[in-house]
Amino acid sequence: ELRVGSFRVYPGLGAALRYDDNLFATERGEVDDLVGVLSPSLLVESDWKKHRLDFEAGGDFARFQENPDVDYDDYFAGSDFRYDLSRESNLFGGASFRRAHEERASPDDVNGEEPTIYDQTSAYLGGSRRFGRLGLRLGGTFRELDFDDVPAFFGEINNDDRDRHLYTAGGEASWRLGPDFGPRTRVFARLAADLRRYGDGRDDAGFERDSDGWRAELGTEFWVGRSAVVELF
């Protein structure tokens, strides 16, 4: 841990050497290989009495001994904040970017000569307010997925029909129960909408994959000891 002004900084570096006896997850003609992975990371947290601001970044960089075509460079960066309007209300949000790859054993990564690389951009924003035992919380999230095309023996795998935007918006109302049920036991109701919009109106197989959904939850949350939370809904 390092101190930089009113921030705590946690740098990290990990290294691993792994052996995979079936790199491409095939039923026959298995290919084995040795891979070295370097994983740097950085976490920065504010140490303020009011408000909060965090930043995190890191990556996994892999190099294979016999199959350099499946080398990958995954990395991410993101930040979160909380702005305290008062003791009873706050605003919160964050944003992040991630470049990653699909594992070769994934059913979506088939017949490609290289791993399928994709970018994920995410953001969320919301607010909460407490009125005595009553708590209210509203928020929304946005996520964009952008998949790269992949070279293959027969030409190129088109992944443009997998690109999509995901939107979620919803709220929660909760009621904190009295001391007979424990100091932090509450019941809650949640309602959220889930929208998915693809860049292509139809995928390569001719299917329309846009969707509109929603979910509703009723439940309770209580603490077990000082560090464990149980939620039933």
Failed item in (1) closer than 28 Å to residue 145 by Cα; (2) assigned to a loop (DSSP other than H, G, I, E, B); (3) free of Cβ contacts under 8 Å to residues at least 60 places away in the same chain, with residue 63 passing the rest: (2)
When only residues in the stretch 203-215 that are outside any strand (DSSP E or B) and charged (D, E, K, R) count, which is farthest from the chain's Cα centre (by Cα)? 204
Identify the residue in the stretch 1-24 that is in contact with a Ser or Thr (Cβ under 9 Å, 6 or more places away or on another chain) and aromatic (Phe, Trp, Tyr) and, among all such residues, is surrounded by the fewest Cβ atoms within 10 Å (Cβ to Cβ). 10
State yes or no: is residue 84 under 30 Å from residue 136 (Cβ atoms), in contact with a strand residue (DSSP E or B) (Cβ under 6 Å, 6 or more places away or on another chain) and surrounded by fewer than 12 Cβ atoms within 10 Å (Cβ to Cβ)? no
State whether the residues of the stretch 32-39 include one that is open to solvent by 60 Å² or more (accessible area, probe 1.4 Å), in contact with a strand residue (DSSP E or B) (Cβ under 6 Å, 6 or more places away or on another chain) and assigned to a strand (DSSP E or B). yes
Do the conditions hold for residue 218, that is, is it part of a strand (DSSP E or B) and under 26 Å from residue 72 (Cβ atoms)? no
Options 194, 148, 200, 161; residue that is surrounded by 11 or more Cβ atoms within 10 Å (Cβ to Cβ), under 21 Å from the mean Cα position of the chain (by Cα) and at pLDDT below 95: 148
Go through (1) of a type in the set (Gly, Ala, Ser); (2) more than 23 Å from residue 8 (Cβ to Cβ); (3) outside any loop (DSSP other than H, G, I, E, B); (4) open to solvent by 30 Å² or more (accessible area, probe 1.4 Å) for residue 96 and report which single condition fails. (2)
Restricting to the stretch 161-182, name every residue that is under 22 Å from residue 136 (Cβ atoms) and touching a strand residue (DSSP E or B) at 6+ places or on another chain (Cβ under 7 Å). 167, 168, 169, 170, 171, 172, 173, 174, 175, 176, 177, 182
For the stretch 164-180, which residues satisfy the criterion of being open to solvent by 70 Å² or more (accessible area, probe 1.4 Å) and among the hydroxyl-bearing types (Ser, Thr, Tyr)? 167
For the stretch 108-133 the number of residues that are within 21 Å of residue 82 (Cα to Cα), hydrophobic (A, V, I, L, M, F, W, C) and open to solvent by less than 60 Å² (accessible area, probe 1.4 Å) is 1
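The values are calculated or read from the model by the stated rules, or taken from the named source; none is laboratory data. As the structure is a prediction and not an experimental result, all values here were calculated from the model. Cβ: placed from backbone, ideal geometry, glycine included. Neighbour counts: every protein chain shown. Just the protein is used for accessible areas: all its heavy atoms, side chains included, with ligands, DNA and RNA removed. Shrake-Rupley method; radii C 1.70, N 1.55, O 1.52, S 1.80 Å.
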